[in-house]
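Engineer: Let me begin by handing over the structure; questions about it come next.
The values are calculated or read from the model by the stated rules, or taken from the named source; none is laboratory data. Bear in mind that the values here come from a model prediction, so they are computed numbers and not experimental data. Positions of Cβ are backbone-derived with ideal geometry, glycine not excepted, and every protein chain shown enters the neighbour counts. Each accessible area value is taken on the protein alone, full model and side chains, heavy atoms only, with ligands, DNA and RNA left out. Shrake-Rupley method; radii C 1.70, N 1.55, O 1.52, S 1.80 Å.
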Amino acid sequence: MSHVTNILVAGIGGQGVMTAADIIAQAAIRAGHDVKKTEVAGMAQRGGVVTSHVRFGARVYSPSITPGNADLLLAFEPAEALRWAGHLRTGAAALVNTFAQTPPVVSLGLFEYPDAPLEQLARYPISISSLNAWDMAIGMGDRRLVNSLMLGAAARYLPFDSGLLKQALLDRFANKGGKMLSLNEQAFDAGYRES
């Protein structure tokens, strides 16, 4: 446990980036790790960029991941995956939701959405896995399940038992009622199978 694991979670405001990071942090604590976490929510409520850094290991001194040191990028949106790819170390993994969500800064004409972000991402010396968590969530009846689908897919990349992550997720939604709890469990399992 001397190695520090660095997870970067990125997306657009409203996609559940901070919730996903909280759940990963809780699971890492349950696995016996020292955990540090930080987030940047730039205009998150208006669909702006949101990132969260989660670092865990035997002893962690800083919550921030320096560029070139992330072990896993959990990207809720393809352009955000491309934006943060430089934070990944060589050989690291990027897990990307392929559903493109255009942020307001693009809709307003302030920035351009990149052409073929997943193709550009493939130029980096990393491993890339992708799933269309949006379509999967809609198919399961609730778009909010994107978060649980992505966490299920991420479980294969974390250095502790996937059951710890699943339980942290279920604990987070325990007060939402039986149906919502069951849907989140199903979504986690579907994401895990898909990855």
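Engineer: Hey, could you pull the Cα Rg and Dmax for the chain, both in Å?
Structural biologist: 15.7, 47
Engineer: Let me ask something else. Highest mean first, how do 116-123, 182-189 rank when packing is the count of other Cβ atoms within 10 Å averaged over residues?
Structural biologist: Averaged packing, sorted descending, gives the order 182-189, 116-123.
Engineer: Check the straight Cα-Cα distances from Lys37 and name the lysines below 28 Å, setting aside those fewer than 8 residues away within the same chain.
Structural biologist: The reachable lysines, counting only those whose Cα sits under 28 Å from Lys37, are Lys166, Lys176.
Engineer: Here is a further query. Can you give me the long-range amide H partners of Val50? Hydrogens built in the peptide plane at 1.01 Å from N, cutoff under 5 Å, separation of 5 or more residues or another chain.
Structural biologist: Result for Val50 returns Gly11, Ile12, Gly13.
Engineer: Oh, and also: Spelling out what I want: for every residue of segment 14-21, take phi, set θ = phi - 60°, compute 6.51 cos²θ - 1.76 cosθ + 1.60 (Karplus), and round to whole Hz; glycine and proline get x.
Structural biologist: Result, ordered by residue: x, 8, x, 4, 5, 5, 4, 5 Hz.
Engineer: What does the helix-only formula give at 222 nm for the chain: each DSSP H stretch with n ≥ 4 adding -39500 (n - 2.57), the total divided by the residues, and the result rounded to the nearest 500 deg cm²/dmol?
Structural biologist: -11000 deg cm²/dmol
Engineer: Can I ask one more? Residues of the chain: accessible area per residue at 1.4 Å, in Å²?
Structural biologist: Result: 47 Å² per residue.
Engineer: Provide the net charge surrounding Ala94, with neighbours chosen by a C-beta distance below 14 Å and charges set as Lys +1, Arg +1, Asp -1, Glu -1.
Structural biologist: For residues surrounding Ala94, the net value is 0.
Engineer: Rounded to the nearest 10 Å², what accessible area does Tyr192 have for a 1.4 Å probe in the complete protein model?
Structural biologist: 70
Engineer: Could you compute the net charge surrounding Thr38? Neighbours are other residues with a C-beta less than 13 Å from the C-beta of Thr38; K and R count +1, D and E count -1.
Structural biologist: +1
Engineer: Among Trp134, Thr19, Gln120, pick out the residue whose Cα is farthest towards the positive end of the charge dipole of the chain, where Lys and Arg carry +1 and Asp and Glu carry -1 on C-beta, about the Cα centre.
Structural biologist: After comparing all options, I get Thr19.
Engineer: Over segment 83-195, one equal point on each Cα, no solvent: what is log10 I(q)/I(0) by the Debye formula at q = 0.16 Å⁻¹?
Structural biologist: With one equal scatterer per Cα and no solvent, log10 I(q)/I(0) is -0.83.
Engineer: What's the extension gain from Val40 to Arg89 if we count 0.36 nm per residue and subtract their Cα-Cα distance?
Structural biologist: Extending this stretch completely gives an extra 15.6 nm.
Engineer: On the protein heavy atoms, probe 1.4 angstrom, tell me the percent of accessible surface of the chain carried by carbon and sulfur.
Structural biologist: Ligands and nucleic acids excluded, carbon and sulfur give 50 percent.
Engineer: Could you calculate the contour length gain from Ala122 to Ala58, that is, 0.36 nm times the residue separation minus the distance between their Cα atoms, to one decimal place in nm?
Structural biologist: Difference between extended and current length: 19.8 nm.
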